[in-house]
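Input: a single structure, listed below in structure tokens.
The values are calculated or read from the model by the stated rules, or taken from the named source; none is laboratory data. Treat the numbers as computed from the prediction; the structure is a model and nothing was measured. Glycine gets a Cβ as well: all are built from the backbone with ideal geometry, and neighbour counts include every protein chain shown. Heads up: the accessible areas ignore ligands, DNA and RNA and are worked out on the full protein's heavy atoms, side chains in. Shrake-Rupley method; radii C 1.70, N 1.55, O 1.52, S 1.80 Å.
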Amino acid sequence: MECKEDKIILHTCCAICSGYPISYLKDMGYRVISYFYNPNIYPESEYLKRLEAEKILCAHLGCELVEEIYNPDEFYAAAKGLEAEPEKGIRCDKCFELRLRKTAEFATKMGINKFTTSIVISPHKSFQKLSRIGENISKEFNLEYLAIDFKKKDGFLKTNKLSKELNLYRQNYCGCKFSLR
């Protein structure tokens, strides 16, 4: 029987951000499951481009990919009343919370006690903020959130290098229609 202790759920936002985190976690000895849950991505054609790039990356790295159902209404419900918030504001916090909570729910359903996110590799995202959100959610679900700053040790450079080698789709905005402004 396979031990579930060596598995980790990695919430993945896009292939650009998840390449190095998948490799890093695999090097740590984890069997990584890439969990693609991103109801914030707008429009659906953009979502599909990012998903396809994640499929290519996961096939290349030998990583299992689980795609959650794309339901933008979940994001709009979480962002309701916060549409005018600036980038890096409360709307983004609610989006991170939505996606990490769903990741924790998935981990619990799968019987896996560890999760983390690739979002933290972005130089535009706050490691401290995401870690706080992840750790708060982990307590609710009695899970362990691995607060790993994937930007360190040239992580962002390494993930970009890998994405260029694989010619992966590269987006030019965070994802939601409000970030297009």
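For Glu140 and Val66 in the same chain, what is the full-extension length gain: residue separation times 0.36 nm, less their Cα-Cα distance, in nm?
24.4 nm
Using a simple charge model, +1 on the beta-carbon of Lys and Arg, -1 on the beta-carbon of Asp and Glu, nothing else, what dipole does the chain show about its Cα centre, in debye to the nearest 20? List each step's numbers first, then the result.
On the way: 29 positive and 25 negative charges, 105 e Å.
Dipole magnitude for the chain comes out near 500 debye.
Would you mind checking Lys7/Lys139; Lys55/Lys151; Lys49/Lys152; Lys80/Lys109; Lys94/Lys161; Lys49/Lys114 for any pair whose Cα atoms are more than 24 angstrom apart?
Lys49/Lys152; Lys80/Lys109; Lys94/Lys161; Lys49/Lys114, as the Cα separations exceed 24 Å there.
Treat every Asp and Glu Cβ in the range 115-181 as -1 and every Lys and Arg Cβ as +1, leave all other atoms uncharged, and give the resulting dipole magnitude about the Cα centre to the nearest 20 debye.
360 debye
Calculate the FRET efficiency for Leu157 and Gln128 from the Cβ-Cβ distance with a Förster distance of 22 Å, rounded to the nearest 0.05.
The formula returns an efficiency of 0.55 here.
Return the carbon/sulfur percentage of the accessible area of the range 54-171, one whole number, probe 1.4 Å, all protein chains in place.
Answer for the range 54-171: carbon and sulfur cover 53 percent of the accessible area.
Considering only protein heavy atoms, with the full assembly of protein chains and a 1.4 angstrom probe, order Met110, Met28 by accessible area, largest first. Mind showing how you got there, number by number?
Working: Met110 70, Met28 95 Å².
Greatest to least solvent exposure: Met28, Met110.
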